[in-house]
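So the structure is just underneath, and the comments pick up after that.
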Amino acid sequence: MIFDTLEDFAPALPDRRAIVGLDLGDKTIGVAISDSLRGTATPMQTIKRKKFTLDAERLMELISARNAAGIVLGLPRNMDGTEGPRCQKTRAFARNLTQITSLPITFWDERLSTVAAERALLEADASRKRRAEVIDHVAAAYILQGALDRLRNIAREGGS
């Protein structure tokens, strides 16, 4: 099931299970995973895209191996907040995923996540080659960490 907001997504998640974050590109999919307490996002790997069925099969292998409870997809909005063709592709990918998994899926605004990931890698003095290898799954971790932080705030708001 697809949830448009984290507020709706949160109740669909079982406790103490990881969440997967995805940075969907035309050529690659960056994958990140949270810990079971959903405090920290960790870059996992980058999948080179082939076709949806193969990409989805690989994602489902990773998700089941980690017993993940849900999926957060980075939504590439335009800088003015509007949605363009890349958002439509991401939403279509999410709809297609619902055909092969019952896990809850939601979106997180990914504006500037790749810029933040690139900056962090530059600060870590990563070589150009290394940055190219890891940028997508580091960006996925930025996307997922933003969603985790918001989920924590939702839990606090609900508990008060």
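Quick note: the coordinates plus some simple rules give every number you see, no bench work behind them. The shown structure was predicted, so the numbers you read here are calculated from the model rather than taken from an experiment. Heads up, the Cβs are rebuilt from the backbone with ideal geometry, glycines too, and the neighbour counts pull from every protein chain shown.
Before moving on, here are some points about what is shown:
- Highest to lowest packing among 85-94, 99-108, scored as the average C-beta count within 10 Å: 99-108, 85-94
- Radius, Kirkwood style, for the chain when every pair of distinct Cα atoms is counted (Å): 15.7
- Under 19 Å from the Cα of residue 27 - aspartates and glutamates, other chains or at least 8 residues apart: 55, 57, 110, 118, 133, 136
- Within the same chain, aspartates and glutamates fewer than 8 places from residue 51 are excluded, and of the rest, those with a Cα less than 15 Å from its Cα are 26.
- Spatial offset of region 13-66 relative to region 83-109 amounts to 13 Å, using the alpha carbon center of each.
- Alpha-carbon Rg/Rh ratio, for region 1-86, with Rh computed the Kirkwood way: 0.97
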